[in-house]
Amino acid sequence: MIDLKSNFIGIETPNPFWLASAPPTDKAYNVNRAFEAGWGGVMWKTLGEAGLPLVNVSGPRYGAWHGKDRTLMGLNNIELITDRDLEINLAEIIQVKKDWPDRGVVVSLMVPCEEQAWIDILRRVEDTGADGIELNFGCPHGMSERGMGAAVGQVPEYVEMVAAWCKQYSDLPTIVKLTPNITDIRTSARGAVRGGADAVSLINTINSVMGVDLNQLRMSPSVGQQGSHGGYCGPAVKPIALHMLSEIARDVECNDIPISGIGGITDWRDAAEFMALGASNVQVCTAVMTYGFRIVEDMIDGLSRYLADQGMTSVDQLIGAAVPTVTSWNKLDLNYVAKAQIDQDSCIKCGRCHIACEDTSHQAISTEINGERGFQVKDEDCVGCNLCVVVCPVENCITLRELDTGEVDSRTGELVSANYQNWTQHPNNSVG
Amino acid sequence: MTALTSNSAGQSVPAGHRLSEADYQTNFSDIHTPLDARSAVVEADRCYYCYGAPCQTACPTDIDVPSFIRMISEKNEVGAAGKILSENIMGGTCARACPVETLCEDACVRNTEDDRPIQIGLLQRFATDRASELGAKFFTRKAATGYSVAVVGAGPAGLSCAHRLATLGHDVVIYEAQEKSGGLNEYGLAAYKMAGDYAQKEVENILSIGGISIKHGTKVGKDVSFAELQTNHDAVFMGVGLGTSKDIQLDGEDASGVLNAVDYIHQLRQAKDLGQLPVGQDVVVIGGGMTAIDIAIQIKRLGAANVTMAYRRGKEHMNASIEEQEFALNEGVHIAHWAKPVSLQIEQGTITGVEFKKANVEGNETYITPTDMLFKAIGQSLTPINMGTTEFVKTSGKYDVDNELRTSQLGIWAGGDCVSGSDDLAVSAVQDGKLAALSIHKTLTQSQA
């Protein structure tokens, strides 16, 4: 078993599994339970200004998209930042940090975009002994209407400004949490880099409306007669998060800023993928809100075995290992040719590959083999698009076979070239 | 199932005698637990929605199985029932009584990946039951055509034919010898497959289309002549069942204690008090088909101590599916293969045993199985009907028909168990009735033009 010890911008934890700033980290009771279960660190649920606490709705704060077997695919929430008194939160943070010196405790913050407001809160947090701060520039509901959260994260100049204040007025490692509700997440990440942030974390939740109750013709869930958009997270958002993560990881201007990965991480495999695409550690929320804190045991075990299998000795060797494999479309090799092939032994003859290809793609799968029901790829029509592979219910029944150099692509009648040629080099590209 | 040698209170009951009321209730209640709304959606979601789905091809009535299952997964049970009933008006009975393990579920592609098939029968039942609870109506009659069609027999074939004809605007008169409609659904299927008087409920639904009248207790060739049918109607559909049980051709078949399985099941299905039925202690059933299985299990569930099904050939030759055989074995029925009955032991006019020869070994060695109740379940033949001067081309006494279910006589169609080559399944009878109705409709409306 490989030791999963993690060092994220100087914060040392026994493993890279953190809990995201969210309801599971709202108070000492939950955080103590999380640490007992084995979590490496927590992002304490976002604190606001001193004064009267916020008021949350006392109706549905969550909505979900379920699979037919009630698997929770996506979760949406309209909860605000902490609605507990600042003083109580700070006192609890002091105690928790004292009780768990080997774990990470980073405090999430969200106050108005005024220099003094940040100076005030930074001083209070510094006194707790917390390991760092995470600037909540991502929350898309409620707080954003008040000019905070995602409203800040969507303006790179604000991100830069507040990050710079934090670095100027405190010694705490500063993580900027980014919103995905923006056209190009790199712009806000670059703002964080310019402001001197130590790290970015992403993604925060995505603007979402879960659905409509078709009996009442009312948005669902709703608080009484009306509902409001919430932040979407959970397994469904993982691909979006991985994209944004890799964009930042390979962006020159982001200058290899450390990244904390967030977005639908449910098990060690998800975590490993985030780390391979550049995350130094990962933050989890929906999975623990679905199953409880104990899932961290499986995550630790799984990741540790995986590293051993890969011949790695620390998580650091995994971080960013797959980043160079992400590129722009115009760098893809247009001379690469693959064809689908169907393993007749494992084919169950459901015909889904055929109808998907026939109705919606290239008419490249026939329905008969020697006069009987059976499905076969017509190489002369197959473009290797992978649709049949993804719709096939049997794993590994349909695979893509890479054509060897010198083989004839029966679709084009041309020999497969050994030479790499991307779109920028292609004769059909008149734009350059 | 409670043990049949003791009642539910744990008191011992003389073998082969009556059980407690509670035991009868348990033994003859619904054999399958219906799916609830949640498990139906989960099961439906397992369906791959195959293209050119093998389950649909395997269904004699060509139900669009993937579509109705997808509708269940979308919580559109009523739409699903509409899909089912539009092809098979007895979709409810077929969901209960079809040997799905040899039809749709056998064809399910899930079988080929070391998995279990989609529970198509239970899903079909879920949809049709749900629609029935909601009182959903799916059919309306087209404008009246003025044609009248005679249907002989109110079983699956006849009712299916009548219903389709009624939707097309024709009037139908069904001539039924029995006092109730439904044919084998009412009189022949095992009681635990059709619990809750389901056959009559379904008939009621079918007849609600209107335009169908049924003359019960009216035997064609006796109470009404075939010639009258031809005179009073524009077309005739023969949908009669097989009335005559085949004999085992041994001396003593008329002895007390030797019974036709079909007649006994008929009695059982109509019994107000199951405790009044005669039940032997050591029962022998001769036969290897569905009827043999049904009588063996039901007589066991009525309290018989020992039940032996004797079949003259091997396990793989039996008409009953492997699943049905296993069901019987689980019920405690003993199945004797390669057992050829050679004589009946009769004492004072009453059966006391059957002498069997082992059919798979050379020589003349025989053995005797004692019995006080012997059931004949080796098949049935079509009881000849007095049809006056009208002659038909027949094979083995059954009507020969073409692919539109036309007999050799112009204007007379036939379908279900009474046609040659029939597989004796209710679902096939429903299909015959449907196709015959379409052919009748085509013929009538073409002659109009």
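Quick notes on this structure:
- Positions within region A:178-190 being crowded, with 21+ Cβ neighbours inside 10 Å, more than 16 Å from A:Met148 (Cα to Cα) and out of contact with any Cys (no Cβ under 9 Å at 6 or more places or on another chain), in sequence order: A:Ile185
- Any hit, region A:405-425, residues being surrounded by fewer than 12 Cβ atoms within 10 Å (Cβ to Cβ), within 14 Å of chain B (Cβ to nearest Cβ), at negative phi and not hydrophobic (A, V, I, L, M, F, W, C): no
- Of all residues in region B:242-264, those that are β-branched (Val, Ile, Thr) and buried (at least 20 other Cβ atoms within 10 Å of the Cβ) total 2.
- Per-region count, region A:256-292, residues hydrophobic (A, V, I, L, M, F, W, C) and either in a helix (DSSP H, G or I) or surrounded by fewer than 24 Cβ atoms within 10 Å (Cβ to Cβ) (or both): 10
- Count of region B:414-449 residues, restricted to those that are touching a strand residue (DSSP E or B) at 6+ places or on another chain (Cβ under 6 Å) and surrounded by fewer than 16 Cβ atoms within 10 Å (Cβ to Cβ), is 1.
- Meets criteria (under 19 Å from B:Thr128 (Cα atoms) and within 14 Å of another protein chain (Cβ to nearest Cβ)) for B:Arg38: yes
- Test for A:Asn429: is it out of contact with any strand residue (DSSP E or B) (no Cβ under 8 Å at 6 or more places or on another chain), farther than 25 Å from A:Glu358 by Cβ, free of Cβ contacts under 8 Å to residues at least 40 places away in the same chain and surrounded by 11 or more Cβ atoms within 10 Å (Cβ to Cβ): yes
- Selected residue (only one of A:Thr71, A:Thr82 is farther than 30 Å from A:Ala151 by Cα and assigned by TED's automatic domain parsing to the domain that holds A:Asp198): A:Thr71
- Any hit, region A:76-94, residues being touching a Phe, Trp or Tyr at 6+ places or on another chain (Cβ under 9 Å) and hydrophobic (A, V, I, L, M, F, W, C): yes
- Test for A:Ile175: is it under 16 Å from A:Val200 (Cβ atoms) and crowded, with 19+ Cβ neighbours inside 10 Å: yes
- When B:Lys83 is tested against (1) at pLDDT below 95; (2) under 21 Å from B:Ser160 (Cβ atoms); (3) of a type in the set (D, E, K, R), only condition (1) is not met.
- Selected residue [part of a loop (DSSP other than H, G, I, E, B), over 21 Å from the mean Cα position of the chain (by Cα) and of a type in the set (A, V, I, L, M)] from B:Ile378, B:Ile385: B:Ile385
- Boolean, B:Gly196 is modelled with pLDDT under 95 and surrounded by fewer than 17 Cβ atoms within 10 Å (Cβ to Cβ): yes
- Check on A:Arg401, surrounded by fewer than 19 Cβ atoms within 10 Å (Cβ to Cβ), in contact with a strand residue (DSSP E or B) (Cβ under 8 Å, 6 or more places away or on another chain) and within 14 Å of another protein chain (Cβ to nearest Cβ): no
- Qualifying residue in region B:62-77 (condition: at pLDDT below 95, of a type in the set (A, V, I, L, M) and farther than 23 Å from B:Glu326 by Cα): no
- Tally of residues being in contact (Cβ under 8 Å) with a residue 60 or more places away in the chain, away from chain A (no Cβ under 14 Å) and of a type in the set (D, E, K, R) across region B:91-128: 3
- So B:Asn76, is it within 14 Å of another protein chain (Cβ to nearest Cβ), of a type in the set (S, T, N, Q) and within 27 Å of the chain's Cα centre (by Cα): no
The values are calculated or read from the model by the stated rules, or taken from the named source; none is laboratory data. Owing to the predicted nature of the structure, the values given are computational and were not obtained by experimental measurement. Cβ sites come from the backbone with ideal geometry, for glycine too, and all protein chains shown count toward neighbours.
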